[in-house]
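Novice: Pasting in a structure now, in structure tokens, and then I'll have a few things to ask.
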Amino acid sequence: MTADIQVFAELEALLSPESVLRRDEPLTRRTTLRVGGPADFYVEPASEADLSSLIRFCAAQRLPWFLLGRGSNLLVRDGGIRGVVLCLAAPCFSRVEPLGDRLRCGAGARLKAVALEARRAGLANLEFLEGIPGSVGGALRMNAGAMGSSIFACVDRVRFMDSTGGVHERAASEIRVAYRECCLLKDHIALEAVLRGVPAPREAIEQRAQAFNQKRWSSQPAAPSAGCIFKNPGPIPAGRLIDELGLKGARVGGAVVSDVHANFIVNEGTATAQDVLRLIDLVKQHAKASRGIELETEVQIVGE
Ligand code: EPU
């Protein structure tokens, strides 16, 4: 406890007054699943300079850090997260600027804001981002996707910070990505990405966005969730598999396999992370026992 007070004082001295700094910050309301314990320290750096100082401080103090996006693909365990949870929510990380047929997007910007700006600029092919409830940084980290596309399909280049606080830029062609995976961003922090669109009439863009929205609202639950829990295994989409296993409505405490889409676990209001983890195990066991399929979680599971 005394050590925590000392670290907090050092963080306070290190960061500019515009940065947000808190102790024992509850993370429940910072994740869409609404479960999980607190972060020892929570920081929203006000600038790249503050972020860089913070990363160097953590390295020197051997203090672990974890980068929180919009918390939409995240399951925080009930004991919370030790060390620093940092979030690029400050305005300087959330800008979205048109550059001809491209958009320069801060890592903290919401994908919805990116899709709206693309529509305003008359740029197509970015409509699928609107329905993903995440930030640009989180989407890059996960190579998030929807409607048959994924974010790296339209990334031109990425600026990022390394674990010593240094800033680099890399063309997307030099970044290895796979389905729901970007290795570079497992230990580097995305700061900004330039996304490519395709000039098109605004009505066409709007129509496509509406069709995507309709598909999403009719096929995915509105209740609190972390999106799809499992990656789609090769042979069959996870949602169809779990549905065929008859597991819709399966429950542990307040965590329930959604009736709307079987690859979503929804929080009925009282779920703990433990409930969700037990339900994940139950689904995995059924898939393995009945079909010999090893389901792999897509949602990131962190904390103690
Ligand atoms: N299905 C069922 N029962 C269900 C759910 C789905 O039979 O309860 C069937 C559907 O009828 C369809 C197939 O399974 O034939 C695939 O379902 P869907 O079209 O909903 O797509 P998905 O593969 O389950 C993927 C992404 C979603 C993304 C949607 C929409 C993954 C794991 N999921 O879902 O991404 O929103 O496509 O494009 O790749 C996420 O990553 O968190 C996520 C929600």
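The values are calculated or read from the model by the stated rules, or taken from the named source; none is laboratory data. Note that this is a predicted model, so its numbers are computed, not measured. Don't worry about glycine lacking a Cβ; one is built from the backbone with ideal geometry, like all the others, and counts go over all protein chains shown. Note: accessible area is taken over every heavy atom of the protein model, side chains too, but ligands, DNA and RNA are not part of it. Shrake-Rupley method; radii C 1.70, N 1.55, O 1.52, S 1.80 Å.
Novice: Hey, among the residues in the range 120-131 that are in contact (Cβ under 8 Å) with a residue 24 or more places away in the chain and closer than 22 Å to residue 175 by Cα, which one's farthest from the chain's Cα centre (by Cα)?
Specialist: 125
Novice: Exactly one of (1) at pLDDT below 95; (2) in contact with a Lys or Arg (Cβ under 9 Å, 6 or more places away or on another chain) is unmet by residue 205. Its number?
Specialist: The failed condition is (1).
Novice: Here's a follow-up. Here is a list of conditions, (1) open to solvent by less than 70 Å² (accessible area, probe 1.4 Å); (2) within 12 Å of the ligand (Cβ to nearest atom); (3) not in a loop (DSSP other than H, G, I, E, B), and residue 217 meets all of them except one; can you say which number that is?
Specialist: All conditions pass for residue 217, except number (1).
Novice: The conditions are (1) among the small types (Gly, Ala, Ser); (2) more than 14 Å from the ligand (Cβ to nearest atom); (3) modelled with pLDDT under 95, and residue 234 fails exactly one of them. Which is it?
Specialist: The one condition residue 234 does not meet is (2).
Novice: Against the condition open to solvent by 30 Å² or more (accessible area, probe 1.4 Å) and part of a loop (DSSP other than H, G, I, E, B), how does residue 89 come out, does it pass?
Specialist: yes
Novice: Scan the range 239-258 for residues that are in a loop (DSSP other than H, G, I, E, B) and in contact (Cβ under 8 Å) with a residue 12 or more places away in the chain and jot them down.
Specialist: Listed by number, the residues that qualify are 245, 247, 248, 250, 253, 254, 258.
Novice: With respect to residue 262, is the statement that it is more than 10 Å from the ligand (Cβ to nearest atom), within 21 Å of the chain's Cα centre (by Cα) and not in a helix (DSSP H, G or I) true?
Specialist: Spelling it out, it is not the case that residue 262 is more than 10 Å from the ligand (Cβ to nearest atom), within 21 Å of the chain's Cα centre (by Cα) and not in a helix (DSSP H, G or I).
Novice: Cβ-Cβ under 7 Å, sequence separation 6+ or interchain: first residue in the range 1-21 and more than 10 Å from residue 57 (Cβ to Cβ) and at pLDDT below 95, partner open to solvent by less than 60 Å² (accessible area, probe 1.4 Å) and not hydroxyl-bearing (Ser, Thr, Tyr). Which pairs?
Specialist: Pairs found: 4/40.
Novice: Here's a follow-up. Under 7 Å between Cβ atoms, at least 6 apart or on separate chains: pull out the pairs that start in the range 261-284 with a residue that is within 18 Å of residue 237 (Cα to Cα) and open to solvent by less than 10 Å² (accessible area, probe 1.4 Å) and end on any residue that is among the aromatic types (Phe, Trp, Tyr) and in a strand (DSSP E or B).
Specialist: 263/230
Novice: Within the bounds of the range 265-281, is there any residue that is away from the ligand (no atom under 11 Å from the Cβ), out of contact with any Asp or Glu (no Cβ under 8 Å at 6 or more places or on another chain) and modelled with pLDDT under 95?
Specialist: No.
Novice: Something else about it: Out of everything in the range 128-157 that is out of contact with any Lys or Arg (no Cβ under 6 Å at 6 or more places or on another chain) and charged (D, E, K, R), what residue ends up being surrounded by the fewest Cβ atoms within 10 Å (Cβ to Cβ)?
Specialist: If we take residues in the range 128-157 being out of contact with any Lys or Arg (no Cβ under 6 Å at 6 or more places or on another chain) and charged (D, E, K, R), then 157 is surrounded by the fewest Cβ atoms within 10 Å (Cβ to Cβ).
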